[in-house]
Structure formats: C-alpha cells, structure tokens
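Report on the following structure.
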Amino acid sequence: MERLGEYMMAFAKLLGEGESVHFQRIVEGSAVLVADIDPPARPKVRERVRGVRDGRGPKDALKAFAELDEMLRRDNATGALLDDADVTVIPFPGRLRPEPLVFGPFRQDGTLDGQVIRVGGKDDTVPVHLQDGTVIYTGLNATRDMARRLGRLIYGPTIRVHGTGVWFRAGDGSWELRSFKITDFEELDETPLQDVVDSLRQVKGNGWQDVPDPVQALLEERRGNGDAH
C-alpha cells in the first residue's frame, strides 16, 4: 500500500491541476490507476502530458515522469499513460531502460537539516525520516537510545543531525543518499534572520548599526565563503 501511494503521488504530480484531477479507482491489473479530470482542466492536462511526451513539458512534470519511470525500473516493471481510448500517450520503459551509470559508494561525514516525521522499528538500528520542505530524507538510522531522543521531537522543531552518509553519484551529476548513520543532533534556532539582525543592532559598538542592509551583507559574506554544506 505504501508503494502504491508513492505511485499515486507521482502520477498526480505528472498530471498537475491538483484541484481538478481526482483519483477514481484501481482497475484489474498489476496497478492500473484511473484518474478523473474535471472538464475545464482537461485541455491543460492534455497539453501538459503531451509536453512530457515530447520532452518539453514543465520541469515538475518531467521530474514526475522520471520519478515514475525510475520506480517502475526498480520494481522490474514497465508502464504507460493511456487516454480514454486506451491509446498510449506516454510510454514508461522502466526495466527496459538501460541501467544508469552510477559511481560509488562514497562515505562522508556530514549533516542533514529537517523536521523529524518518523521514528520506528524493532531492530537495534532504528529508521528515521526527516523532512526539509518538499524533500524527505529516508535511509537514516539511529541507535535505540538516539531514536528515543529523536522521538520526543517528532513534528517539532527543525533539527540538524550529524553522522556518516553513503552517497552515490549518477551519470548526470546528481547525488543520491542511500543511508545515513546518525551519531548526534542539535535543535536549530528558528528565529527569523531579520529578528536576529535587529537584536544585534541593539548591541552598542559592534558596527551593525552602520550597515544599511545587514541581511544582504550576511548573505553576500556567506556566498564569498563558498556557501559550503
């Protein structure tokens, strides 16, 4: 069911027009999802999927196509988007696509920021999920003691976890995090930057009173230092 939900989410992103596209049913088959599109939105959705087929669609739609095709490849399957007449609009080669060129694994100490959205498991190594905006980090794990501490923060403040990650680099230059062992974490101060700057300017003699745009100055200084992660 969880995997089916992932397919449904990617399918919805591919079609777009979220308020006008509705899940209708699953028909007999491996996983045949049927969507119903409100009539006013049909021309937009039709143009969107045709753009994906031709490789000129919106970035989010092209990303959703790639996500669906990759899921099919990993599940050793193929697929297709069909119209009302059962004509293929977009084929998904899935397992028929050549294996992507991948480099790795690379092990590196680092940090990840996000909100704890899941802590659970029965083994000595406990899975942890973090969410940073639209990005969800999976493959994270912690000891039971660490998991207890993280569990108290679920859906709470933004935290920064420290540990060692295992990364793979794809042929297109993108990086994929396969696993991350959490060794420590800290809660981050979520005070808006402008409020922090206003507080600093109240301190006499530190020079911030003479900077016309402190926020911009801090951002430029960060860029000058390489904006490293």
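For this structure, a couple of remarks:
- Scanning the stretch 148-171 for residues that are loosely packed, with under 13 Cβ neighbours inside 10 Å and in contact (Cβ under 8 Å) with a residue 24 or more places away in the chain yields a count of 4.
- Where strands (runs of 3 or more DSSP E) fall entirely within the stretch 102-144, those with at least 3 residues that are in contact with an Asp or Glu (Cβ under 8 Å, 6 or more places away or on another chain) are at 102-119.
- Matching entry among Val49, Val34 (being over 26 Å from Thr138 (Cβ atoms), free of Cβ contacts under 8 Å to residues at least 12 places away in the same chain and either not in a helix (DSSP H, G or I) or not assigned by TED's automatic domain parsing to the domain that holds Gly173 (or both)): Val34
- Positions within the stretch 166-191 being assigned to a loop (DSSP other than H, G, I, E, B), modelled with pLDDT of 75 or more, within 30 Å of Thr143 (Cα to Cα) and out of contact with any helix residue (DSSP H, G or I) (no Cβ under 9 Å at 6 or more places or on another chain), in sequence order: Ser174, Leu188
- A count restricted to the stretch 192-216 and to residues that are under 30 Å from Val161 (Cβ atoms) and either at pLDDT below 70 or touching an Asp or Glu at 6+ places or on another chain (Cβ under 9 Å) (or both) stands at 6.
- Residue-level check: of (1) of a type in the set (D, E, K, R); (2) surrounded by 12 or more Cβ atoms within 10 Å (Cβ to Cβ); (3) modelled with pLDDT of 90 or more, Asp145 misses just (2).
The values are calculated or read from the model by the stated rules, or taken from the named source; none is laboratory data. This is a predicted model, so every value here is computed, not measured. Glycine also receives a Cβ, built like all others from the backbone with ideal geometry; neighbour counts cover every protein chain displayed.
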